[in-house]
Amino acid sequence: MAFGYEYWIVYLPEFNCDSFLLFVHNPSGSTKLRDYSEGKERLLGQPMLENVHKATEWGRTRFEEKPHTVSGHDGESYWFSRIAEYNGRCLASAQGIDGPKKVADRPPARTVGMKNTGRAKRGSQRQLQDYVNLFPQELNQAVRAQLPEALRERSIRWLSPLANEDYREYQDNDFLEKLGFSTFGQQLARFWPKGGPCWDALGVIEARNDYDHPVALIVEAKSHVPEMRSQGCMASELSFEKIRKALDEAKQWCGAAAESDWTGPLYQSANRIAHLYFVRQRLGRPCFLINLYFVDDPYRPTSQAEWNQALDTAHRELGLSAAVCGIAEVFLTGKRTENATLRPIGEDPSESGNASGPAMTDLSLPAKNEIPSLAIPARYSFSAWRDRWQRLASFKGAHLPDPDHRIDQLLALWQEPVPGRWQRELGWDIDKWKESPYRRSDLESPHAGEHTMEREILIDRRKTVTLLGEPLLYGINAVPLVCDFSDHGRRANVETDLLLLSRNGVGYRLTLCEVKATADHPWFAAVELLRQMRLFLLSPAAQSLMAELGFLPAGNANIALTGLVVAPADYYSAKGKKGNALAHAHRLLHRMRQHYKLDVRLAVWNAERNSIHECSGA
């Protein structure tokens, strides 16, 4: 919200049945409805906030936008771009419900160069989705190793295919826009006709300083040799002439033999090189084409030797006698993917009495029948986001089913944006916490188990408690991380059991604790902790709480953040479900530490020693 203004992209067919619109509301109650579908701002009216909300549906025909304060021509370009994206992604479904005409009866507001591929089941597309979203460090290391030495220490940020964008791929103007080259759309149109390469992945190597350009990465991925070849260029006569001219320029630029056929079976490789030439030479921007080859993909294994032979043949056919500046050939080992052989989470054939089990499904995204019918579409609802964590945490029986797949899903879920309006506003009831750090209603006689542990740590033994070897300064319990919600009420709320502050040799440590005594099991507790950490990291209000209480100097930069599951030792050593889940919980938190540099651990509360220390085996 910029200066209190709220921005919504809405679909109101009575004003414009061909495009989403921008609706702006300010704290004084005034509104404006703006149309940017033709590239320029056009004021359509000033409908009331409640009427717009009644006429639209959150997550389907109404989307909240981030603050944007740029005005003038730049502002018009920005909102045109944002609305065009929604037109391409959502307009068909919106008009199918509310619009007076069918989409086929009129041209779209804009041809959008995006492809919502969704979660792939196998092959190079699935491998690349997994590497970008689940194993980015391995991918970055392999890419950097093939780049010039000056770039090998710089960070890489992947822009697609991202799980939180439904693994969308980009082409034409939209691939330029994604890379930050949106002002070069006309140059691309003159160079290449619409329907150019749809890039398997896009990324940038971050600039070192304000004077550097980021380096664009455009990726083409293959997992077996036949993927390299196609029927060749199938463009119309007019488009073919433009393509042939562009390919000839690229041939000359990279030193390829003039007589080599770049419109035949290796046309896909050729048009990727042509676009590398366009960005590097025509636009003058640093760019690398990453040709990514997966070795021994379980779906269709191809050995390193087979790749080497196929690439030598392809280079000869393309007339390339030397390496092309700006092309990096990267090899990665294919990872085993889970697809149609897994059960839907929460369904165990041994519990249903059906030996064959339920119908098989791909668990890469939540199955449709996993999400209850809500008034708010599930994928835009905070409560549905919260429930996805809950489903991954819960299981029946003594053993966790499909642990590897659940861990992969949690790694991907961590990266997704948190939907809906969930954040608490700044301004807590600080006086109540100052009166007593224990906020539950059973202060005088706490319930046995978790509440007793919380009181011991916060009140009875606070002055002698050590937290990971550090003296405890202060702590509070029952800290809400979200506000109340209209779609599921308090059921959608999330709180952390303890928020603790300790002092170490270089600064302070804030620790979120999920406290357990007998309830649930270590895996469930670890997933709950991660959900709390995700919300805490996105909540300025929660992060400022200790400073508002006066225990943490405002603006202190030396603050470490740790997440702990805190339980007595016998919680982890219990037989049955708890003991069986312990190793999986350790592995989940280990993977989160590896991939996202989160300090998350299992810990033991030792009441005899007044200490919270790390659980062995982490």
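Here, each number is a calculation from the coordinates, and none is a lab measurement. These figures come from a predicted structure and were not determined experimentally. So basically every Cβ, Gly included, is an ideal-geometry build from the backbone, and we count neighbours across all protein chains shown.
See the values below:
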{"quantity": "Members of Lys40/Lys194; Lys222/Lys251; Lys66/Lys194; Lys40/Lys178; Lys121/Lys578; Lys463/Lys577 lying beyond 26 Å, as alpha-carbon distances in this model show", "calculated": "Lys66/Lys194; Lys121/Lys578; Lys463/Lys577"}
{"quantity": "Region 216-312, dipole about Cα centre (Lys/Arg Cβ +1, Asp/Glu Cβ -1), debye to the nearest 20", "calculated": "420 debye"}
{"quantity": "Dipole magnitude of region 507-580, debye to nearest 20 (Cβ charges: Lys/Arg +1, Asp/Glu -1, about Cα centre)", "calculated": "240 debye"}
{"quantity": "Residues whose placed amide H lies under 5 Å from that of Val494, excluding near-sequence neighbours", "calculated": "Leu481, Val482"}
{"quantity": "Amide H contacts of Phe331 (H built 1.01 Å from N, under 5 Å, at least 5 apart or other chain)", "calculated": "Tyr293"}
{"quantity": "For region 430-614, radius of gyration divided by Kirkwood radius, i.e. Rg to Rh on alpha-carbons", "calculated": "0.94"}
{"quantity": "Full-extension gain in nm, Ala258 to Ser436, via 0.36 nm per residue minus C-alpha separation", "calculated": "56.0 nm"}
{"quantity": "Under 14 Å from Lys335, Cα to Cα: aspartates and glutamates that are on another chain or at least 8 residues apart", "calculated": "Asp130, Glu138, Asp296, Asp297, Asp404, Asp408"}
